[in-house]
Structures are given as C-alpha cells and as structure tokens.
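Student: What follows is a single structure, and I will ask about it in a moment.
No value in this document is a laboratory result; all are computed from the given coordinates. Being a predicted model, the structure only gives us computed values, none of them experimental. No Cβ is skipped: glycine too gets one built from the backbone with ideal geometry, and neighbour counts run over all protein chains shown.
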Amino acid sequence: MVKKTNSDHAFILNKAQAYCGYQERCIFDISNKLKEWKVQQEIAEKIIGQLINDDFINEERYAGIFAGSKFRINKWGRNKIIYELKRKKIPDLIIQIGLEEIEDEEYINTLKEILSKKSFLLKEPDPRKHKRKLANYAISKGFRSQLVWDAIEGNL
C-alpha cells in the first residue's frame, strides 16, 4: 500500500475546495466524491473537517439553498425537498431551518400555478378523473395531499 504524503493531502484538499467552490455541497456529497477519488477514509475525514472549518461546507446554508432552488426552479413541494435532504443525511433540525427559505404565500401561489398549468394540459373530460390526475401530479411534486385538494376545490 502506498503511503499518502502531505502533498497528496494538499492536492486532494485543493481539489475538494474547488469542488465546493463551484456549487454548494453537503458532507454527503463531499464524502461520496472523496470515495469516488479513492481517498482513504482517515484522510477523507480530515479533509471534510478542514472544509467545514474553512466554511467550504455548511449544511445549514446548503439546506436553505437546496430548498429554495428546488422549490423556485423545479417547483418541488416541501415533502419532496424533505425526502431529498434526508437522503443526503441532513439532520431534521437543519432541514426545518432550510425550509424557512420558502414563504407560505409563495408556496401556495406556486401550487396554484402548477395546478393551473397542468389542468390546461390535461385532456381528461371526466371532472372527477381530471381532479384526481391533477392531485396525483401535485402530490408527486411533493405537495401535501390535503393542501393539494384544498387548492383544487378552491378553498385556498
């Protein structure tokens, strides 16, 4: 087995810093990238610690940016955002802080907007089936079912 030198460590750290500098990352992303680069676990932990100390990785910041961008750009609902953040092993408290990026009024308006656009595209003549397809679409985007049905029924 080849012993890693300090210059190898510095090279990998610089590469990881560049990776973090390109776009916001979480510990899970960096850990996977370091595994992909075949970095030993012990060195990977040191590099992750250094990235956190130097503020290249900040999971609270990551969760806020992730939640805001997935909501505004992809029109994801909170449930889908929560699921994806949990998949990246972000703690529940940090997920809740990240979700504060989404204003309630903007959230409801976005839900109404995606329902309106989808309704226009659906060619279902039966009103009940039409509503069911609308609801399934919005729920699959991560919006809570009760909120979706309230929006469909005009109660929002």
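Student: If you fit an axis through the alpha-carbon atoms of helix 104-121 and take the longest principal axis of the Cα set of the chain, what angle between them do you get, 0 to 90°, nearest 10?
Tutor: Roughly 60 degrees, rounded to the nearest 10.
Student: Nearest 10 degrees, 0 to 90: what angle lies between the long axis of helix 78-87 and the longest principal axis of the chain (Cα atoms)?
Tutor: 20
Student: Follow-up question, since we're still on this one. Give, rounded to the nearest 20 debye, the magnitude of the charge dipole that the chain has about its Cα centre when Lys and Arg contribute +1 at Cβ and Asp and Glu contribute -1 at Cβ. Can you show the working numbers first?
Tutor: Values: 29 positive and 23 negative charges, 201 e Å.
Rounded to the nearest 20 debye, it is 960 debye.
Student: Which one, H9, I27, T110, projects farthest toward the positive side of the charge dipole computed for the chain from Cβ point charges (K/R +1, D/E -1)?
Tutor: T110
Student: In addition: For the pairs K38/K80; K80/K117; K46/K80; K80/K112; K88/K141; K46/K70, note any where the Cα-Cα span goes beyond 25 Å.
Tutor: On the way: K38/K80 31 Å; K80/K117 20 Å; K46/K80 32 Å; K80/K112 17 Å; K88/K141 18 Å; K46/K70 30 Å.
Among K38/K80; K80/K117; K46/K80; K80/K112; K88/K141; K46/K70, the Cα-Cα distance tops 25 Å for K38/K80; K46/K80; K46/K70.
Student: Something else now. Would you mind checking the tilt of helix 6-22 against the longest principal axis of the Cα atoms of the chain, expressed as 0 to 90 degrees and rounded to 10?
Tutor: Here the helix axis deviates by roughly 20 degrees.
Student: In the Gaussian network model of the chain, springs joining C-alpha atoms below 10 Å, which of R78, R132, R144 carries the largest mean-square fluctuation?
Tutor: R132
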